[in-house]
Each structure stands twice: as C-alpha cells, then as structure tokens.
Amino acid sequence: MADISTFYVAPNGNDAWSGRLAEPDANRTDGPFATLAAACQAARRAGTQQARTIVIREGEQFLSEPVVLTHEDSGLTIEGAAGARVVLYGGRQVGGWQKDGDKFYAADLPGVKEGKWDFRALIVNGRYCPRARLPEKGYFEHTSVFDVPWMSTTGGGWKRKPTDEELTTMKYKPEDLGPWLDVHDAEVTVYHMWDESLVGVSASDPNSHTLTFSSPSGHPPGAFGVKKYVVWNVREGMTEPGQWYLDRTRGKLVYWPLPGEDMSRAEGIAPAAESVVTICGTRDDPARHITIRNLMLSATTTPLKAGGFGAGRFEGAVTATNAQDCAFVGLEIVNAGGQAIKVSGSNLRVERCHTHHVGACGIRFQGDGIRIADNEVHDIGLTYPSAIALTGGGKGCEVSHNHVYRAPYSAVTCGGENNRIEGNRIHDAMQELHDGAGIYCFGGKGLVLRGNFIYDITDTGGYGASAYYLDEQCEGCVVEKNLSIGVVRPSHNHMAKNNTIRNNVFISDGDMQITFPRSSGYSFEKNILCARGRITFDNYEGITTAAANILFSGEGKVGCRKLDQYSQTGNYSLEPDKANLQTDPLLTAYKLGKIEFAPDSPARELGIEPVDVSGAGPRP
C-alpha cells in the first residue's frame, strides 16, 4: 500500500495521477506526478496534521515561476531521491540558434523586444557565461566628481545628500564611448568603495559626453574618489568566445561559441524567475518545519537595479522569509543570477550546501538561532562584485566550519548579538573591491570569532583589506585562537570599543599593520605577530590592556602611528617590555594551520596556547 504521506515526482509522471507511486503502474493509469507544482498542491491538500514528503526522481525540471510555500505547507519535506541527480531550473531552454554575422549565433526570444523578459545571466553547456563588456579588460575612468565627505555609516552617510541628478548622470571621456552606444541594450556598473551599482542607460549625449541612468545608482559616480566603470551588454563588447549579450532592440540572444562548440547541440538556458523555491511565512503565521534537501537549483535572474551593500536587494534561488525550524541541507546551487540561498526567521539550518558560480551572494541569513555550517561557498559575485560569500546577522547564530573562497569582496560578514563565527577556512577574498575582510563585522555585540583560518586576502587599494575586521559599533567582541597568513593587515578595528583580541597568530611575508582608528578600550593579549618586514600599530592608544604578546619583526622595527581621527599626528617606536616581547617565537610549523612551538619558544613561558585550525572548513 502506498504511503499516504509521500508524493513522487518523475520525468515519466503525469499530473493527472495521484503521485502516490514512485513508478507508473503496469496499466499506466497511476503513478508519480510530472511536476513539482502538482505535488506541492497535493501535499497541501493532505493538510498539516501529518508530515508530508515529496520525493523527486532523477531528472531536470524547468520552472516558469517559483514554487511558493506558505504556512499551509508546514511540515513538508522536498527532497531528491537517494543517489539521484535532480535539477530545478528557474529558466527556459534556448534553441533555434542561427548565424548572426561571421562569429556570432543568435536565438529569437519571445517577449524580450517587448520588455516582458529580461535577464543578466546565461548558461551554455553548464557554464555561467560572461557578458559582453567594455573595456575588454580593466575599467574605464569617468570624469564625474562628488567631493562630499563621507561621515561614516554611523555618522549618517554623506555630509550632503546627493541630488537626483548626481545619482543618475555620469560624465565619460569621448574616446571611450560614442554615438554608437545602444542605450536600449547598455548597462553600466559604477564602482564605489565597498559596493557598486549596476544601472541601465536611458540616454547618452555625445555632445556633453553624459550618460543618463534609467535607475539611480547607490552612490554618485565619483564618490569616495573612485572613478571606475564598465559597460555591459553591447555588441561592441563581444571581444572573445564564450561571451553573450541580450539584443533587446531585435529581441535576440546573441552568443559567441567557444572553439568546437556545436550550436546545433548546445544546451542553452536563459533565466526567467528570480527564485526557484520560495518559502513565505508571515509574522503571525510563520512557515514551520519545512525541509529542502539533496537538490540542485540553477538559472535565476535579477531585476535591473543597484543591489546596495553586499548586493543584498536580490532574491535567492532558495528564499525564505518568516520561516521557523526549517532546514536547507545538501543543496547545490550553481549558475544563479542573484543570491544562492537567502533565509530569514528563527532556528533555521543551512548545512552541507555547495553554492558557487552565482551573480550575487552565496548564503544570506537574518534571524535568531540560525546555524550555517559545513558549507562550501565560492566563485560568487560574478555579476555584482559587492556580493559577500556568506553574510548575515541576528541573535544567537552560528557560522561554523564553512569553506569560503574566491570572492570579489568580503568572504564572511556578520553583525547582531552573541553570534559565533568559528572554524571557518577563508581565502582568496577581496579580489576586486575595498574596505572589507576575510571576516568583517559591523555593529556586533558579543560576537565571538574563534578558530578561523584566513589566508591570501587581496589588498587592491582604497580603504584596504584585512583578515579580521571589527567595524563601527562593535563592542564586547572576542577574537581569539585565529590564524592569518599572508595578510598585511590581519586585524583592523574601526570605531569599535571594549573588544578583546587574544591568543591569535598573525604571519606576514612582508610588513604588518594592526589598526585601531577611532577605537578604544581594547584588550590585546597573548598574540603572536610575525612579519618579515616592519610591524606598525595605528592608534596603539586604542589598547587599554596589553599583556604577553610576542611581536617579531624581521627588520627589528615595531612602531606606532598616532592618529587624530584618520590623520597621522606623530609616530614612535614601541619599546619591548613584558606586555610586548620582541623576540622570535620559534614557530616550527604553521602553513597547514597547526601552530607548533620549538621546545624553547618564549610562547610557552608566556602561557600562549597552541593554535590548531588545521580542521577549519567542512567536517567529514
């Protein structure tokens, strides 16, 4: 007898059947459903008095709109069959490719010319394809100026609010753009300091060399002194195989095949939905005990608008709001145009998921008692470089044992209260933007950063890059037993107070900076700092208590810079004493994450505990 609480979905199913059988019966009069939507309707009719499960058999499904779950679906599990590869696409297959000039192929897409279908991601043969861009490499430099001081986020942002004109116009150099620019197709990324704005173009004046945006940018072009921009989605930007653009004027998708790519057999997928699975509870009726597991989700899009800090305004391939006691386990989310996973609520779990090659963030969370553990997150921000690989906040949350890498901005960010960030392996972040870190915290109270392993963080200029960064209003936080390797500024602390940095090991092949601008009340104890070059503290006066640290400079230079706000007012050498012993700590191993001391290391006498982060990242 069929289990009345289990429904099946399979490629050989039929939505007119009951969905109670895993396979069609001998007479083909009953069997699994053909679509997930039909199975969800049947599970909802069964009521929430019992747990229900939808099992999806091997295969692919193309969804024209998201599967939407509410409090009426509480207690539902949607899962891939054991050992099966189940893929849910939020897009449509593209075929009928025809030659379009000497190099390109084009496919007609109904609704594009009329503005009913728009997207900024394309998948061909399983690859997230780069869009046509100008310039081919690097950036153009615009000439717009916005010299208004930034007063910090806490201080209210810009000293003067930008005008609508300043947010919607940009001056360009005449040699970069011209009357050939198709404003119907063109999109522009305007770079700021820690984020960017992707906007459309409504007009281009070749006489004044001015672009007018179809939607406002997040900050005015020229803010923070940054003048970089890139133009996307124009035919002139098709400079190498594998690129594409959406020709809205002709209603065509244009693609330049890779060498050997047969367009008569190519598998093209264009996104049509912003999400694949959406859980929508309400404050009064949260969606409870819903589990999504062992599925692959792909092909989502984003609207044309500035994403804001961390590209946070976009939806996820999996999105949950006002969810409670829900779990997202064993998901692979790849080639999504927006976020991979975006959840909010209480007592949620995101575990053992693999999110990669997405336009925006890997995992976003907000709420209480949320656990983000043992995930792999990488190659994010492919469309929005301000995207953060793993980001969130709330109360009593845990971000542990994740492997996060290849991110254009910060790898992990967190705020909120009493959250723990432990055992994460983080590297190759901050590859494009500025003023971020391997782990960046804003406004956190009682945060604990412990046992993390961070290395190879890129400093591309601007406001710099760090390993561990406590920013504005962080208070009562503890940074302990962490390791950083190859990061010039392992610890940056800005407008923060009464935090503890304890028993960490920071290693640099060159110089090293430890910075405390506009910070106070810090405890800095039992840390080991090893730099082949000099070690410099900015605003050492922000440290109230220093004890049992080892500061080893290969050049024998440990200095301090006095600051008034952000301006240097003097400098002096930090003399060795009991608080800051300046000697070789005699480390015998550290590259694999396990710090080992020689028998006669002074660290032993100072009571510095060994740091072992070799197990950072997902657990077996």
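The values are calculated or read from the model by the stated rules, or taken from the named source; none is laboratory data. These figures come from a predicted structure and were not determined experimentally. Cβ sites come from the backbone with ideal geometry, for glycine too, and all protein chains shown count toward neighbours.
When Leu177, Leu181, Leu167 are checked against the criterion of being hydrophobic (A, V, I, L, M, F, W, C) and within 18 Å of His219 (Cα to Cα), a single residue qualifies: Leu167. Residue under question is Gly178, and the condition is that it be on the phi > 0 side of the Ramachandran plot and exposed (fewer than 15 other Cβ atoms within 10 Å of the Cβ); does it hold? Judged against the criteria, Gly178 is not a match. Selection of the range 583-603 for residues being farther than 15 Å from Asn504 by Cβ, outside any strand (DSSP E or B) and out of contact with any Ser or Thr (no Cβ under 7 Å at 6 or more places or on another chain) yields Thr583, Asp584, Lys591, Pro599, Asp600, Ser601. Kindly list, by first and then second residue, each pair from a residue in the range 575-600 that is under 16 Å from Leu529 (Cβ atoms) to a residue that is surrounded by fewer than 10 Cβ atoms within 10 Å (Cβ to Cβ), limited to pairs with Cβ atoms under 7 Å and residues at least 6 apart or on different chains. Here the result reads Leu586/Asp600, each pair linking the range 575-600 to a residue that is surrounded by fewer than 10 Cβ atoms within 10 Å (Cβ to Cβ). Do we have any residue at all in the range 450-470 that's at positive phi and either buried (at least 20 other Cβ atoms within 10 Å of the Cβ) or among the hydroxyl-bearing types (Ser, Thr, Tyr) (or both)? Yes, because at least one residue in the range 450-470 is at positive phi and either buried (at least 20 other Cβ atoms within 10 Å of the Cβ) or among the hydroxyl-bearing types (Ser, Thr, Tyr) (or both). Within the range 283-326, the set of residues being surrounded by fewer than 20 Cβ atoms within 10 Å (Cβ to Cβ), part of a loop (DSSP other than H, G, I, E, B), under 21 Å from the mean Cα position of the chain (by Cα) and not small (Gly, Ala, Ser) comprises Pro303, Leu304, Lys305, Arg313.
Evaluation of Trp180 against the conditions (1) part of a loop (DSSP other than H, G, I, E, B); (2) at pLDDT 95 or above; (3) out of contact with any Lys or Arg (no Cβ under 6 Å at 6 or more places or on another chain) shows that the sole unmet condition is (2). Among the conditions (1) out of contact with any strand residue (DSSP E or B) (no Cβ under 7 Å at 6 or more places or on another chain); (2) surrounded by fewer than 18 Cβ atoms within 10 Å (Cβ to Cβ); (3) at pLDDT 95 or above; (4) not assigned by TED's automatic domain parsing to the domain that holds Glu261, the only one that Met1 does not satisfy is (3). Here are Val505, Val478: which of them is surrounded by fewer than 24 Cβ atoms within 10 Å (Cβ to Cβ), of a type in the set (A, V, I, L, M) and more than 22 Å from Thr383 (Cβ to Cβ)? Matching residue, one of Val505, Val478: Val478. Which residues, taken from the range 448-463, are more than 22 Å from Arg420 (Cα to Cα), in contact with a Gly (Cβ under 9 Å, 6 or more places away or on another chain) and free of Cβ contacts under 8 Å to residues at least 40 places away in the same chain? Once the filter is applied, which keeps residues that are more than 22 Å from Arg420 (Cα to Cα), in contact with a Gly (Cβ under 9 Å, 6 or more places away or on another chain) and free of Cβ contacts under 8 Å to residues at least 40 places away in the same chain, the range 448-463 yields only Asp456.
Here is a list: Ser215, Ser197. Which entry is part of a strand (DSSP E or B), at pLDDT below 95, within 30 Å of Ser152 (Cα to Cα) and of a type in the set (Gly, Ala, Ser)?
Working: Ser215 fails: part of a strand (DSSP E or B).
Residue meeting the stated conditions: Ser197.
Restricted to the range 327-373, the set of strands (runs of 3 or more DSSP E) holding at least 2 residues that are outside the structural domain of His403 (by TED's automatic domain parsing) and closer than 27 Å to Lys305 by Cβ comprises 332-336, 339-346, 354-358, 363-368.
Of all residue pairs spaced 6 or more apart or on separate chains, those with beta-carbon atoms under 6 Å, a first member in the range 397-414 that is touching a residue at least 12 places away in the same chain (Cβ under 8 Å) and farther than 12 Å from Ile457 by Cβ and a second member that is among the polar types (S, T, N, Q) and buried (at least 24 other Cβ atoms within 10 Å of the Cβ) are Cys397/Asn419; Asn402/Asn375; Asn402/Asn424; Thr413/Thr391.
Once the range 427-438 is narrowed to residues that are of a type in the set (A, V, I, L, M) and touching a residue at least 40 places away in the same chain (Cβ under 8 Å), the residue that is surrounded by the most Cβ atoms within 10 Å (Cβ to Cβ) is Ala429.
Counting residues that are touching a Ser or Thr at 6+ places or on another chain (Cβ under 8 Å), surrounded by fewer than 18 Cβ atoms within 10 Å (Cβ to Cβ) and not aromatic (Phe, Trp, Tyr), which strands (runs of 3 or more DSSP E) fully inside the range 89-174 reach at least 1? Reasoning before the result, please.
On the way: elements: 91-94, 98-100, 104-108, 169-171.
The qualifying strands (runs of 3 or more DSSP E) are 169-171.
If you scan the range 131-146, which residues turn out to be of a type in the set (D, E, K, R) and in contact (Cβ under 8 Å) with a residue 40 or more places away in the chain? Those that are of a type in the set (D, E, K, R) and in contact (Cβ under 8 Å) with a residue 40 or more places away in the chain: Arg131, Arg133, Glu136, Glu141.
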